[in-house]
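**Student:** This is the structure, below, for whatever I ask next.
The values are calculated or read from the model by the stated rules, or taken from the named source; none is laboratory data. Because the structure is predicted, anything quoted here is derived from the model rather than measured. Ideal geometry is used to build each Cβ from the backbone, glycine not excepted, and the neighbour counts take in all protein chains shown.
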Amino acid sequence: MRLRLLAAAAALSCVAPLVPARADASLEYAVKAAYLPKFIPFITWPDSAFASPATPVTICVLGDDPFGGKLEQAAGGTKSGERAIVVRRLAEPDPSASCQLIFLGAGDPAVAQGTLDAMKGRPVVTVTDSGLKAHGVISFLIDANHVRFDIDDAAAAQGGLVISSKLLSLAHAVKQRGQP
Amino acid sequence: MNRPPKNKGWSPSVIGALAAAAILLAAGVLMAVYQEQLYSSQQIKSVREQAQILAASAAAAILFDDRRAAQEYVDALRVNPELQAAAVYGGDGRLMAGFARGSRLPPLLTVAGTGFSDGYVDIAVPASQNGARAGMVLLRAFTEPAERRYARYAGLILLVTMGALVIAVLSFAQAQLSRRAQQLASVNARLHEEMEERRKTEEALRQSHKMEAIGQLSGGIAHDFNNLIMIVKGNLRLLKRKLGAEGDAADTYISSADEALDRAARLTQRILAFSRRQPLTPQRVNLSALAQGLSQLIRHSVGERVEITMRLNGAWSTLCDINQMENVILNLAINARDAMPDGGRLMIETRDVTLTQPPPEVESQSFVPGDYASLAVIDTGTGMPEDVRQRAVDPFFTTKPQGKGTGLGLSMTFGFVRQSGGYLIIESKPGEGTAITMLMPRDPEAA
């Protein structure tokens, strides 16, 4: 275990393979921070989700930020197609904020649930942290010490989002389109 | 006979075969080079495509560092026996997943490209998703070692060359053989021709020897016989004078004997004419009168089984040798008799004809229009088939058994008639009979 952790830490600059037990929460969130921008190239938003073709993809973090500076670090210089990827922090749910991806931390389940309800049917990828009962389009989970994620493709379809099958194939579980 | 072969060099078919072999060889080499290039470029293209497919499918696994998924993608390529190795490298260039058959994978890979090594080719392509760079994918494909490829091509070229050589040798032999066969065939044909000529010449020589012998013999006999007739005739005259007036009673017998002697003398004259002991001179002849005079002789010659009809309507005279003409008529009558072994009718017909068109089978350039005295000998005998009829006047051509005919009768007739400025026309149908007509030019002063 020690060795694997070391290896994981070494590879963290680019990819974060392995994850720590609860004791090392910072490593877990480093992996999650690395994952968030990487979801973006596999997701297609409807054109209406952006103001213009040059508008960057915005990752919003609602409430407490568990990532520290790691999210900016991971997103920095990354691109999806022609769009840059930027990170915004929201103290409260703000429907006017043009977010394409919202990370909902485990800190306040009520806010998270409210945001999920508000975003239902909109072209926004909601990503819920592993501690939450409510699940967004993408929901993190810890499986055998690895950070994994479930995908609710049915919810994505409601918001007019298309998630690449490549990403679906990596998911821990997928709720298929057309399922209730 | 021993004509040298026309072409001492190589025949065109051999040159053609060698040229074809050379062209085949050149084409084979070109094809091999082309195939070789095509093969390697196609192989590289195919491997590159596979690498791009792997890169596209493994991009997510690389980005999310899912080694298991990456290994699954790579392992799917194990079924391709052309691949020696396949590997997926992360964004930092480190080896994430892969397999290798008998070679080592590089632990670090960051640069895309194509690299050739002994026995394999490495193709590295970047993996990315929607512009986001993920990592690298490496495929290593087996390539056949160059020496083995060239050995294969050399074997092929050797086979082609040998095949071409075999074709060349075979066609050379074939050309020789057919040339030999042609020479042999032409020599054989010439031999047959010469044999036939020789046979004909020998036949002609034999016939002419026979004719000569008969002529000499009959001529000699006729000459002596003629002298004997003259002696008898002289003595008869002396006897008549000696008997004087008392001999009136015996006068009838003496005259009868004298007439018989005259006939005998004419016969010897004819024999002498046949043996050419007597110079032949053309005289004015009325063919009707001539035929009438010959009727008795003809009757004796043809025998009782043949019924003779004379239809002598010709009034015009012609200029020819009387003795020869008599011979001809007698010959024709005898021919007619021979054509009617079981009896039949023989008609001798004379007519006056005026020709404005050449008679059948007379060339127009040798035809002289005018008046002709015609004499025809017509029988109801066996007749002649067309091929025999056409050859009837050929010298020594005869259908009679050996020793019976000279084959000269009709040819002498033809020669005599043509020499006298006339035409000989032979008409015949098998089973119906034969008509031989002589058209002799009318003697202009005889009118």
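**Student:** Quick test of your reading of the structure: B:VAL74 fulfils all but one of (1) over 26 Å from A:ALA171 (Cβ atoms); (2) away from chain A (no Cβ under 14 Å). Name the failing condition by number.
**Tutor:** (1)
Quick grid of which residues meet (1) more than 13 Å from chain B (Cβ to nearest Cβ); (2) modelled with pLDDT of 85 or more:
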site	(1), (2)
A:SER13	no, no
A:SER26	yes, no
A:VAL31	no, yes
A:PHE39	no, yes
A:PHE42	no, yes
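**Student:** Among the residues of the range B:142-161, which ones are part of a helix (DSSP H, G or I) and free of Cβ contacts under 8 Å to residues at least 60 places away in the same chain?
**Tutor:** Result: B:ALA146, B:GLU147, B:ARG148, B:TYR150, B:ALA151, B:ARG152, B:ALA154, B:GLY155, B:LEU158, B:LEU159.
**Student:** Looking at the range B:78-104 only, could you name the residues that are away from chain A (no Cβ under 14 Å) and out of contact with any helix residue (DSSP H, G or I) (no Cβ under 9 Å at 6 or more places or on another chain)?
**Tutor:** Correct list: B:ARG78, B:VAL79, B:PRO81, B:GLN84, B:ALA85, B:ALA100, B:GLY102, B:SER103, B:ARG104.
**Student:** Check the range B:352-371 and report whether any residue there is over 20 Å from B:THR399 (Cα atoms) and surrounded by 19 or more Cβ atoms within 10 Å (Cβ to Cβ). Before you say what the answer is, go through the steps one by one.
**Tutor:** Filtering the range B:352-371 for residues over 20 Å from B:THR399 (Cα atoms) gives B:352-371.
Filter again for surrounded by 19 or more Cβ atoms within 10 Å (Cβ to Cβ), leaving none.
Scanning the range B:352-371, I find no residue that is over 20 Å from B:THR399 (Cα atoms) and surrounded by 19 or more Cβ atoms within 10 Å (Cβ to Cβ), so the answer is no.
**Student:** Going by the conditions given, is A:GLY77 touching a helix residue (DSSP H, G or I) at 6+ places or on another chain (Cβ under 8 Å) and not aliphatic (A, V, I, L, M)?
**Tutor:** So A:GLY77 fails the test.
**Student:** Let me ask something else about it. Which one is modelled with the highest pLDDT, of the residues in the range B:381-394 that are surrounded by fewer than 17 Cβ atoms within 10 Å (Cβ to Cβ) and in a loop (DSSP other than H, G, I, E, B)?
**Tutor:** Across the range B:381-394, the extreme among qualifying residues is B:PRO385.
**Student:** Can you find even one residue in the range B:281-296 that is modelled with pLDDT under 85 and either in contact with a helix residue (DSSP H, G or I) (Cβ under 7 Å, 6 or more places away or on another chain) or not in a helix (DSSP H, G or I) (or both)?
**Tutor:** yes
**Student:** Sticking with this one: Filter the range A:121-180 down to the residues that are closer than 21 Å to B:TYR73 by Cβ and polar (S, T, N, Q), then identify the one that is surrounded by the most Cβ atoms within 10 Å (Cβ to Cβ).
**Tutor:** Step by step, filter the range A:121-180, then rank; the result is A:SER164.
**Student:** I've got another one for you. Quick check on the range A:55-101: of everything there that is more than 16 Å from A:VAL125 (Cβ to Cβ) and of a type in the set (Lys, Arg), which residue is surrounded by the fewest Cβ atoms within 10 Å (Cβ to Cβ)?
**Tutor:** A:ARG89
Per-residue answers, yes or no, for (1) of a type in the set (Gly, Ala, Ser); (2) within 30 Å of B:ALA27 (Cβ to Cβ); (3) at pLDDT 80 or above:
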{"residue": "B:GLY155", "(1), (2), (3)": "yes, yes, yes"}
{"residue": "B:ALA168", "(1), (2), (3)": "yes, yes, yes"}
{"residue": "B:HIS192", "(1), (2), (3)": "no, no, yes"}
{"residue": "B:GLN207", "(1), (2), (3)": "no, no, no"}
{"residue": "B:GLY247", "(1), (2), (3)": "yes, no, no"}
